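A short write-up of the structure that comes next.
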Amino acid sequence: MARLDSETLDLLLTTLRDYAAKELTPDVLLGLDQRDEFPAQILKDLYDPERIGIHLLSIPEEHGGLGGGAYDIYRISEVMAGIDLGIATGVLATFLGTDPLNVGGTPEQKALWLGRLAREGLLMAYGATEPQAGSDLGALATQAVPVQENGQLTAYRISGRKQWISNGGVADLYTILANAPGGPSWFIVEKGAPGFSHGKPEDKHGIRSSNTAALFLENVLVPADRLVGGIEGKGLTQAQAVFGYTRLMVAAFGLGAGWAALQRAIRYSQQRVQGGAPLSQKQGYTHKLLVPNACRLEAARAYVEWTADRLDGGEPDLATEGAVAKYLASEAGNRAAEDAIQALGGYGYTREYQVEKIKRDVRITTIYEGTSEILEWTIARDRWQLHLKTRGTYYLDWAARLEPQQAASPASGIPAAVLALRALGALLERCRLDRLTRNQHVLFRLGELIAYAETAAIFSERVKSHPTRAIPLDQTTLQAMARVHAREAAMRVAADGLRWAVGAGQTDPDLARTLHFEAVAKAQAGLVEDMDQIARELSRAFPAE
Ligand SMILES: Cc1cc2nc3c(=O)[nH]c(=O)nc-3n(C[C@H](O)[C@H](O)[C@H](O)COP(=O)(O)OP(=O)(O)OC[C@H]3O[C@@H](n4cnc5c(N)ncnc54)[C@H](O)[C@@H]3O)c2cc1C
């Protein structure tokens, strides 16, 4: 497997945490947020190999990097996001910027640019989005016009505008997506190239310690050997090929920021006495504001780790899995931060307690690297194809593979996950028969239900065999969380599936039965007891300081 040994990864994580404890105190981070300031020196420190050398993680060893894998990047990204999502975004931009090179660069390009990046600790930016081309990159308007000398292609002249580019105003090196005659292609452009400039930093809702700026290219002359991969028209495929990795990274941001907020709420709930007892003992509080968030975040984590294992094992093309991971983790992180404000009451609404900042910061994770809606569409479209290709058996087969484990692990989330998968298979088939996915809303809702059902199956299955190293919760608690999540997934698929199918005019008079509604309702037995146990364990794992 392409990944660091666990001692090296642990050392990196510890070094990063120690650096943050010393240099990135709450006062420093709140100050950067308030002043809307990009911390150039902090990024330099993070990139300094003598201190951390974080940029080396995504660079292969032969080019002077550490050659980390998807799992390593996820673990580091989660910790960074738990510290400050703005600073983490500055690092993400470099990882994103190198990705087209990593997947599509020629050996010479990799040796030159990745080598320089490793040695010089360059800041990078990834320039895909344009004012009119956001989710729809096909609408790209930036042009790369070939320049010929004596009949030989020597360079391109690039003209256009890029929007919302992280590190846009501070990077040393940029990868820019532009339309060449052969189609969209990535180009490497250096800071200071004549005709290349950037706008002022955007005044943003959150991640205010990251720099986001528009880029302006006016006839920028770029030598031909800076066309990534040396062949025009590969740009969108190269962008697509890195989604497995990059979306996993943003998924990890959702986990890191979500847990950072949730931990504050869990600790606070043990100190704050209202109605004669700490809030941590009030079910109406814990079971609404704490427990469901912990379960969703851990379900997303299990899926992130499962996808990372597969990527590191060499499986290509896990863009759909990356989409599921990012969708659920970023939505879970966003929700956890929102609930953390509520959990801290009036204190949560002030800057000092930081959950307000985390909430503004984590909001970006449901927007960049694919909005949640685009991910719902991606997930639904890809799995719909599988449903058709397998003649409706994709999720039924998955349920059948899990089923034998039900008897062995009746106390796991597997029975409810099996119900979720079965209901999903039946729902997709009903949608096919009644052609319900003509309605974009139905298709997008299927994307959400698929994400729930798949994470339920993966979380329930992995919790025993692959316990996570990332969070201090014991296996019994994680099992209870898997049961809670699987019950929720089954109920969502059955209830929301019924709602949207009926709403869109489905024709099965007995659809509730087809979706196993009664069994799904029965599977909710024990839910509150599980939540009681999880609430107690959260207080144990994250005691008041
Ligand atoms: C702080 C920040 C940093 C960023 N960093 C970078 C970066 O480094 N590099 C880079 O290239 N880009 C970056 N982006 C851009 C980001 O990836 C885009 O903002 C994102 O892809 C959405 O594009 P858009 O803003 O044009 O929104 P739009 O695509 O216009 O979407 C607007 C809304 O419509 C929905 N929508 C879009 N299409 C459809 C459809 N077909 N059907 C239904 N609903 C739809 C979306 O989900 C969204 O809710 C950054 C953005 C921000 C805010």
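The values are calculated or read from the model by the stated rules, or taken from the named source; none is laboratory data. Keep in mind it's a predicted model, so treat the numbers as computed, not measured. A quick note on method: Cβ atoms are made from the backbone with ideal geometry, for glycine too, and the neighbour counts reach across all protein chains shown.
Odds and ends about this structure:
- When residues of the range 117-133 are limited to those that are small (Gly, Ala, Ser) and more than 16 Å from the ligand (Cβ to nearest atom), the one surrounded by the fewest Cβ atoms within 10 Å (Cβ to Cβ): 121
- Of the residues making up the range 134-171, those that are within 8 Å of the ligand (Cβ to nearest atom) and either surrounded by 19 or more Cβ atoms within 10 Å (Cβ to Cβ) or in a strand (DSSP E or B) (or both) are 162, 163, 164, 165, 166, 167, 168.
- Restricting attention to the range 172-188 and to residues that are surrounded by fewer than 24 Cβ atoms within 10 Å (Cβ to Cβ) and aliphatic (A, V, I, L, M), the residue that is farthest from residue 41 (Cα to Cα) turns out to be 180.
- Selection count where residues are surrounded by 23 or more Cβ atoms within 10 Å (Cβ to Cβ) and touching a residue at least 60 places away in the same chain (Cβ under 8 Å), scope the range 59-70: 2
- Index of the failed condition, residue 400 passing every other in (1) touching a helix residue (DSSP H, G or I) at 6+ places or on another chain (Cβ under 8 Å); (2) of a type in the set (Gly, Ala, Ser); (3) closer than 29 Å to residue 504 by Cβ: (1)
- Residues of the range 197-207 classified as closer than 18 Å to residue 171 by Cβ, more than 10 Å from the ligand (Cβ to nearest atom) and in contact (Cβ under 8 Å) with a residue 40 or more places away in the chain, total: 1
- Scanning the range 214-240 for residues that are under 30 Å from residue 304 (Cα atoms) and within 16 Å of the ligand (Cβ to nearest atom) yields 228, 235, 236, 238, 239, 240.
- Residue pairs whose Cβ atoms lie under 9 Å apart, sitting 6 or more positions apart in sequence or on different chains, and linking a residue in the range 430-447 that is within 11 Å of the ligand (Cβ to nearest atom) to a partner that is modelled with pLDDT of 95 or more and in a loop (DSSP other than H, G, I, E, B), are 441/504.
- From the list 169, 86, the lone residue that is in contact with a helix residue (DSSP H, G or I) (Cβ under 9 Å, 6 or more places away or on another chain), of a type outside the set (A, V, I, L, M) and under 24 Å from residue 47 (Cβ atoms) is 86.
- Here residue 291 fulfils each of the conditions (1) over 30 Å from residue 127 (Cβ atoms); (2) surrounded by fewer than 17 Cβ atoms within 10 Å (Cβ to Cβ); (3) β-branched (Val, Ile, Thr) apart from (2).
- Options 251, 224, 213: the member that is crowded, with 22+ Cβ neighbours inside 10 Å, in contact (Cβ under 8 Å) with a residue 12 or more places away in the chain and out of contact with any His (no Cβ under 9 Å at 6 or more places or on another chain): 251
- The set of residues in the range 381-401 being within 18 Å of residue 455 (Cα to Cα) and surrounded by fewer than 19 Cβ atoms within 10 Å (Cβ to Cβ) consists of 381, 382, 386, 396, 397, 400, 401.
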